[in-house]
Amino acid sequence: MTGGEMFAVGKAAEAVGKAALAEDGQTKDVLLRIAEGTPEMTAAARSMAARAAVRERVKLKLYQPFARMLGVSMAYFEDTFPHEMGAKIADIPDENLITPPASLAVPALQGLSYTFEEPDLKELYLNLLATASDSRQARLAHPAFADIVKQLSPAEAKVLPFVLVVPTSVVRVVGELDTSGISHVLISHLFGRHDLMATGKLEEDQQEPMWVDNWRRLGLVSVRWGELQKGDLTYRYDWVQTHPEYVRLASLPSFTKVYFDKGQMESTEFGYVFSRAVISR
C-alpha cells in the first residue's frame, strides 16, 4: 500500500468513527459509502454499522416507547443502555425482536435507573428485558420478576444463580437451655457456600439466613426438613460444625447442647422460570 493509499484509509477510518457517533437512521449507508474500495474498511464499516443498527433498535423498541413513563434521569438510557442492551439482543433475529409489555418494561427500566452502578443487579434487569424482547422466550418473562430483582441485594444476586440451579444443604441450628431443657431455634436457615474458584474455603455472610427467608417470601425457593439424614448424603453437611456462626453459637455458655436439623433448599417452579428468564440467559 502506498503512502497516499495509507493516508486515504486513515481519513476513511476517521470519517467512519465520526459517522458512527452520529447514530442517525442513515448511519449504515454512510459507513458503507465511506468504505467503498477498501475491503478492510468495508468489513469494519459493516461491523460498526451493524452495532449502530442494534443500538438504534434498542432505543426504538425498548427505550423510546417508555421514556415518558419513567420519570428518572435519562443519561444512562441515552448513552450506556443502548450499548449494553444491544449486546443482549444482538443474537435475536429481526423477526423475533418485539417491544416488551409496559407492565414488565417500565418497572425493569425504573429498576435499572437506580441500580446501573450495581453490576450484578443490572445484569438481571438487562437479562429480563432481553427475554421479554424475544418472541421465542417472552412467555418466560413474568411481570413480577422485575419487582423480585428490586427486592434483592447485590450480594444475593451473586449467590442466587447457584441456589436456583443446584439443591443446597441447609440447617436449622437449635440450642437447649442449661436447666430447663427447653430448646430454641437459634438460626432458621444456615447454608454453606464454598468459593471453589478461588480459595476453596467456606464463605460466610451473616445475612445468609435472612436471604433464605427473603427467597422463600418471594416464592423462589422452598426448604424441606429431615429428608436427607440417611445414606451417603450426610457428607453434604460436613461444613456445618466448622461454619463460624455455628462455632460461635455452640460456644455460648447459656446452652448445654447445640445441634442442627438437616434440610434441603431447592428452587420452586416459579424460581426455576425466574432463573431461565433472568439469570441463565
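The values are calculated or read from the model by the stated rules, or taken from the named source; none is laboratory data. This is a predicted model, so every value here is computed, not measured. Every residue, glycine as well, gets a Cβ built from its backbone with ideal geometry; the counts of neighbours run over all protein chains shown.
Consider only pairs whose beta carbons are under 6 Å apart and that are at least six residues apart or on different chains; among these, list those whose first residue lies in region 69-97 and is of a type in the set (Val, Ile, Thr) and whose second residue is assigned to a helix (DSSP H, G or I) and at pLDDT 75 or above. Taking only residues 6 or more apart or on different chains, the pairs are 72/113; 89/130. Among the conditions (1) assigned by TED's automatic domain parsing to the domain that holds residue 218; (2) aliphatic (A, V, I, L, M); (3) at pLDDT 90 or above, residue 146 misses just one, which is (1). Taking region 235-251 as the range and being in contact with a strand residue (DSSP E or B) (Cβ under 7 Å, 6 or more places away or on another chain) and either surrounded by 15 or more Cβ atoms within 10 Å (Cβ to Cβ) or not in a helix (DSSP H, G or I) (or both) as the test, the residues that pass are 236, 237, 239, 240, 243, 245, 246, 249, 250. Among the residues of region 170-212, those identified as at pLDDT 85 or above and either over 24 Å from the mean Cα position of the chain (by Cα) or among the hydroxyl-bearing types (Ser, Thr, Tyr) (or both) are 171, 172, 173, 174, 175, 176, 183, 184, 185, 186, 187, 188. Looking across region 124-143, the residues that are modelled with pLDDT of 95 or more and of a type in the set (D, E, K, R) come down to 136, 139.
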